[in-house]
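Structure first, then comments.
The values are calculated or read from the model by the stated rules, or taken from the named source; none is laboratory data. Being a predicted model, the structure only gives us computed values, none of them experimental. So basically every Cβ, Gly included, is an ideal-geometry build from the backbone, and we count neighbours across all protein chains shown. Heads up: the accessible areas ignore ligands, DNA and RNA and are worked out on the full protein's heavy atoms, side chains in. Shrake-Rupley method; radii C 1.70, N 1.55, O 1.52, S 1.80 Å.
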Amino acid sequence: MSEPTAARPGSPTPRLQLEGITRHYPGVKANDGIDLHVAAGEIHAVLGENGAGKSTLMKIIHGSVRPDAGTVRWDGEPVQLASPAMAQALGISMVYQHFSLFETLSVAENVWLGLPRGETLASVARRIEAMGASYDLAVDPGSPVHALSVGERQRVEIIRALLGAPRLLILDEPTSVLAPQAIDGLFATLRRLAAEGCSILYVSHKLDEIRALCDRCTVLRAGRVTGEVVPARETPASLSQLMIGTEPPPLTRTNVAPGQVALSVHALSMQGETVHGTPLEQVSLQVRTGEILGIAGVSGNGQQALLAALSGERTVDRTGDRAAIRLFDHPVGRLGPRERRRLGLHFVPEERLGRGAVPALGLDRNTLLTRDEGVGRGGCLRPDAMRALAQRLIERFGVRAEGPASAARSLSGGNLQKFIVGREIDAAPRVLVVAQPTWGVDVGAAALIRAELLALRERGAALLVVSEDLDELLTLCDRLQVIARGRLSPSLPIADASPARIGEWMSGLWPQAVMADAAAGAVPAAR
Amino acid sequence: MNEIVLLLAAAIASGTPLVLAGLGLLVNEKAGVVNLGAEGMMLIAAVAGFATAFGTGSEMLALGAGALAGATAAAVFGLLVIGLNANQYAAGLALSLFGGGFSAFVGIGYVGRKLGDPAASLTGSIGHWLADLPVIGPLLFGQHPIVWLSLALTAAVAWLLYRTRAGLVLRAIGESPESAHALGYPVRLIRFAAVVTGGALCGVAGACLSVVYAPMWVEGLVAGRGWIALALTTFATWRPGRVLLGAWLFGGVTLLQFHLQAQGVAIASQLLAMLPYLATIVVLALISRNPAWIRANMPASLGRPFHAD
């Protein structure tokens, strides 16, 4: 690793070399004769849609799944990766897409468990803080993981992997929840690690990032390698061609004149979701019909409380003003999700399994969560109606599932998200609140979901999208507001929203004068 | 005054078997395994302990035999639910039923027998001058060594779970065995060790009932204390200190109702006999109402089998 030649990609002995890796699952060949080489100090991208076999391949490299055929070589030597412990002993660390953190344990305890013995918890906590400060991955070592947002959990995963001083670091969709500056910071970190000799496997479907960061890129489609390229020499179109065979159609947005105010929040303050959650402070916003308002911000800045307040999962308590949240002319602050849904407000939560869908139940039963088509007289279920509705959603939104009875958890993330978003859009909502519409969703599905959201806007619905993916907000929204430390910035027309400016606002630094104007403007009744 | 002190001392003494069993089940459940066989394990250990004491006259050997019997029963349970991924609830219930029948069968010859030394009751066996001190004398120094053991064990379990890395690994496995496996911890082995430890402690508790507390053998001697210990761990939100307090509360109410019966209070004795069970559950349910507490302490994988991928 210290030899300068070893750090150059393409040197004689790759650090990791996969030959003909094949893994079957009942009904599918997840990996079919995959070859992959990663040199010491190389940042190597693995590009592919959901279901292309990326996750299975990474699990094989990390020792949690064993291949049916093929060889894994480490520094040239054939190795049997029979368990994650063996992979770890070789210096292979992984940041999972589906987080593998322990909910009730603190951040420091989680990290401690992943490190070899011989260190005290206090020193681990100090190292977490130091690493957080130097790599822009700040997180409180003492806070329990269940109080953290998705983005913060990912930070913990990354810190845990880095503290183990890995020789090969596997990152699975790492940037989905980071602010633009943090992505730059992360890339700087990864480049530094690579320069120090650590190899990096970067699993992603974000073409721009791969082109900006990675030395080489292996593209997978349906379990097979469709190309090994130098991404800097490719165009997004040519990469996307390798990945999905075709390029998704560009989003088209038509101009819609915003109509009446559909959803408004005025000076709402609310406790955090948990003791460690960020409380909302004097939050105000308005969404009109025919427009999409985006809420940008780094996770953990009050998004969870805001979404719970908007969906009705949490209501304004007796000391608060029930008119702090209005849906058209109704004060809805004390109405629950079901009552708000009757007034036309539908909600797509961030967590698909467990909140947006019941994992073990079929898609037909899952329609019951927000739809009444499947409920007959006296509360009896109408299986035919449920099946018909689920079938309609599957067809209309191109959900890849065996049928209406497929269990929700058997679908890939992208397909389940298409189903959940579709279920709400199909209800023809007047207001739709969506959290992380395309988190962990592949390119094709993301394009479809975004197009459907735009189509809903054109039909005159009011949409509010909370996302940590700034590119997504910039393509979807008419206006943006930034959430930081539980406060909401003034609204910014999308034409004025540059990533640099939004990035600055994400740290809570928006001009106070603008805020005073916005506060005045947010109360039409006061005029 | 003196009477109250004696009553408190006796309450602690009579709650002690529950402390032991409750702590055992707590360790067990913190690793994510529910063993509904507590009652059965305690009965098997109680008869094993009684037989040993009857044969050898040694209390220590009897408690050891109880621990061994409990651990063996738990090991069988562990093989079923951890090795073969049997359903934990069904296997636990089966163990309880088996333990009841098995102990009754083995214990036929001992029914109604008493152990020779009546002084070997929970109170007053140290017989030290310290025991003659006012108030703290009977409370502390008049107690059987097993009471001391239970106190030390409570502290040890709390320290182990919340202050050591081993305890953290145990909690992590109870929380998410899949993640612990991914980090390279031997999930099945650690779960098995926790189950056997839980069984051994339930065994000591069972033997303590038949050898020290009763000290005699009748069929069904444990009288539902295994079930109370299971409820205790849950309602104590898996915190060792609360298990201790809950167990003493149970002991206190048990004594109180004996007292009331002895005083000839005009309430049916059957109703009074229900009192300790009822009071313990009600009080613990009330103090464990806080959902944040339960969320922070309940092992998330409780009762779920672990399949390595």
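Points worth noting:
- For B:Asn290 and A:Ala222, the FRET efficiency from 1/(1 + (r/R0)^6), where r spans their Cβ atoms and R0 equals 41 Å, is about 0.25.
- Region B:211-284 versus region A:462-516: alpha-carbon centroid distance in Å: 61 Å
- When the charge dipole of chain A is built from unit charges on Cβ atoms (+1 for Lys and Arg, -1 for Asp and Glu) and taken about the Cα centre, the candidate among A:Ser134, A:Gly376, A:Gln271 whose Cα reaches farthest toward its positive end is A:Gly376.
- The angle between the Cα long axis of helix A:383-396 and the main principal axis of chain A comes to about 70°, on a 0 to 90 degree scale.
- Alpha carbon centroid spacing (whole Å) that separates region A:244-316 from region A:49-89: 41 Å
- Taking label positions 7 Å along the Cα-Cβ direction at both B:Ala166 and A:Met86, the computed distance is 2.8 nm, reported to one decimal.
- Close amide-amide hydrogen proximity is noted between A:Ile295 and A:Val465, A:Val466, A:Ser467, A:Gln481, each under 5 Å apart and 5 or more residues distant or on a separate chain (H modeled in the peptide plane; Pro and chain starts excluded).
- Beta bridges per DSSP with both ends in chain A, % antiparallel, nearest 5: 50 percent
- Rounded to 10°, Cα long-axis angle of helix A:512-521 versus longest principal axis of chain A: 40 degrees
- Taking every alpha-carbon pair under 8 Å whose residues sit at least 6 apart, region B:2-297 reaches a relative contact order of 36 percent.
- The apolar share of the surface of the protein assembly as shown, taken as the fraction of accessible area on carbon and sulfur atoms (1.4 Å probe, ligands and nucleic acids excluded), comes to 60 percent.
- Relative to the longest principal axis of the Cα atoms of chain A, the long axis of helix A:180-195 lies at roughly 10 degrees.
- If only the Cβ of Lys and Arg carry +1 and only the Cβ of Asp and Glu carry -1, the dipole of region A:93-250 around its Cα centre is close to 380 debye.
- Given charges at Cβ of Lys, Arg, Asp, Glu: the protein assembly as shown dipole, positive-most of A:Ser299, A:Ala85, B:Gln270: B:Gln270
- When only the Cβ of Lys, Arg, Asp and Glu is charged (+1, +1, -1, -1), the dipole of the protein assembly as shown relative to its Cα centre reaches about 1120 debye.
- With both labels modelled 7 Å from their Cα along Cα-to-Cβ, the A:Val79 to A:Val358 distance reads 4.4 nm.
- Backbone geometry of region A:212-229 corresponds, through the Karplus equation with coefficients 6.51, -1.76 and 1.60 at θ = phi - 60°, to 3J(HN,Hα) couplings of 6, 9, 8, 6, 9, 8, 9, 9, 10, 9, 6, x, 10, 7, 9, x, 10, 10 Hz, x marking Gly and Pro.
- Within chain B, the whole DSSP H helices whose Cα atoms reach 20 Å or more along their own axis and whose mean Kyte-Doolittle score is at least 1.0 are B:2-30, B:38-56, B:59-78, B:88-106, B:145-163, B:187-207, B:269-287.
- Largest GNM mean-square fluctuation among B:Leu115, B:Leu168, B:Leu183, using chain B with Cα springs under 10 Å: B:Leu183.
- Nearest-20 debye value, region B:2-297 charge dipole, Cβ charges on Lys, Arg, Asp, Glu: 680 debye
- With a 10 Å cut-off around each Cβ of B:175-181, the average count of Cβ atoms from other chains is 5.
- For chain B, modelled as a GNM whose springs connect Cα atoms under 10 angstrom apart, the maximal fluctuation among B:Arg295, B:Arg171, B:Arg242 occurs at B:Arg295.
- Leaving ligands and nucleic acids aside, the A/B contact buries around 1900 square angstrom of accessible area in total at a 1.4 Å probe radius.
- Length-normalised contact order for chain A - Cα pairs under 8 Å, 6+ apart - percent: 14 percent
- Share antiparallel - DSSP beta bridges, region A:16-244, percent rounded to 5: 55 percent
- Residue with peak Gaussian network fluctuation, chain B [Cα springs, cutoff 10 Å], from B:Gly246, B:Gly109, B:Gly174: B:Gly109
- CD proxy at 222 nm, helix term only [per DSSP H run n ≥ 4: -39500 (n - 2.57); per residue of the protein assembly as shown; nearest 500]: -14000 deg cm²/dmol
- Computed over region B:22-89, relative contact order equals 32 percent, with contacts defined as Cα pairs under 8 Å that lie 6+ residues apart.
- Accessible area in square angstrom per residue, the protein assembly as shown, 1.4 angstrom probe: 41 Å²
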